[in-house]
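The values are calculated or read from the model by the stated rules, or taken from the named source; none is laboratory data. The shown structure was predicted, so the numbers you read here are calculated from the model rather than taken from an experiment. Glycine gets a Cβ as well: all are built from the backbone with ideal geometry, and neighbour counts include every protein chain shown.
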Amino acid sequence: MSGLSDRELRERLITDADAGWRAFVDQYSPRLLQLIDQCGVRDRDDAMDLYVHVCERLAADDCARLRRHDPGKGALAAWLTTVVRRMLVDWVRSTRGRRRLFGSVKTLSEIDQQVFELYYWRRHTPAEMASLVLDAGKPIGIAAVFAALERIERALTERQRIELVTMAARAGSEISLDDEEGEPVTVVASDRPGPEAAMLAAHDERALNTALATLDPEDRVIICMRFMDGLTLAEIKRALHLTSLAPERISKIVVSVRTALERLEGKPV
């Protein structure tokens with residue numbers, strides 16, 4: 001990359017933060033956008049949103065992060081790779097509540113949209129969602145959750161599924177409790193259900209396990225990999241060495257699970 005060397009850029013940032021920042025933006029904006037693309041952020045609006053988020057963090061306190069970077073410990077371009085990845089995790093967490101729904105999901109009911117958000121954005125299990133999603137003030141139950149997942153599954157394209165799984169993996173990746181400069185990272189509070197909701201979730205989990213036991217062994221593995229582990233159809237196909245795995249098969253298995261759950265509703269599990 002032409003332009004200032006890492007040491008020259010750092011010296012300019014130290015002597016004149018404004019001038020140093022302008023030089024950094026001119027020189028490294030293409031690299032930042034490339035890194036964001038490599039992280040799997042394909043939507044242009046999301047990419048620019050993340051770019052602004054990264055720039056705001058790097059420019060804070062007169063470019064304190066950039067000024068602390070020691071060129072003797074590694075190239076700035078390589079350091080930025082780590083920085084962007086960590087800031088992506090922070091950005092995903094901070095934007096979960098205001099993400100734009102896919103157009104195909106917007107056509108679904110409000111309950112289906114709630115299930116979509118809880119499953120794909122907040123990574124709740126089907127059993128947890130059964131008590132978290134309310135209809136007329138009452139939990140919808142595990143069978144209704146799988147009915148919603150069935151409708152969502154039919155609405156999503158494979159490209160959308162891959163994008164959702166990619167973003168979830170990035171957000172859920174384990175990261176060090178120290179940031180790239182060795183400073184403590186603020187721990188994000190858990191949004192797991194409280195004790196009462198956890199008890200309901202345990203009941204629904206038992207019902208789900210009973211329903212899954214009625215499936216063919218391969219179907220049971222497929223549904224667990226899809227909805228408990230969040231794998232894409234392509235990943236499941238490779239893992240199980242299947243010749244094909246169409247969305248229609250997923251939908252048929254979900255119908256079987258929902259039917260079994262509906263039979264179990266009202267019975268002790």
Practice problem: Could you check region 6-106 for helices (runs of 4 or more DSSP H) lying wholly inside it with 2 or more residues that are on the phi < 0 side of the Ramachandran plot and crowded, with 17+ Cβ neighbours inside 10 Å? | Solution: 6-15, 17-38, 44-68, 76-95
Practice problem: Run down THR214, THR232 and say which single residue is among the β-branched types (Val, Ile, Thr), farther than 24 Å from ALA155 by Cβ and surrounded by 15 or more Cβ atoms within 10 Å (Cβ to Cβ). | Solution: THR214
Exercise. Using the structure shown, decide if ARG154 is within 26 Å of ARG263 (Cβ to Cβ), surrounded by fewer than 20 Cβ atoms within 10 Å (Cβ to Cβ) and either modelled with pLDDT of 70 or more or not assigned by TED's automatic domain parsing to the domain that holds LEU233 (or both).
Key: yes
Practice problem: Check ALA130, ALA136 and return the single one that is buried (at least 19 other Cβ atoms within 10 Å of the Cβ) and over 20 Å from the mean Cα position of the chain (by Cα). | Solution: ALA130
Quiz item: What is the number of the single condition among (1) within 30 Å of ASN209 (Cα to Cα); (2) under 17 Å from the mean Cα position of the chain (by Cα); (3) of a type in the set (Val, Ile, Thr) that VAL84 does not meet?
Solution: (1)
Self-check item: Some residue of region 149-157 being free of Cβ contacts under 8 Å to residues at least 40 places away in the same chain and in a helix (DSSP H, G or I)
Solution: no
Quiz prompt | Residues located in region 108-136, provided they are assigned to a loop (DSSP other than H, G, I, E, B) and under 24 Å from ALA211 (Cα atoms) | solution = ARG123, HIS124, THR125, VAL133
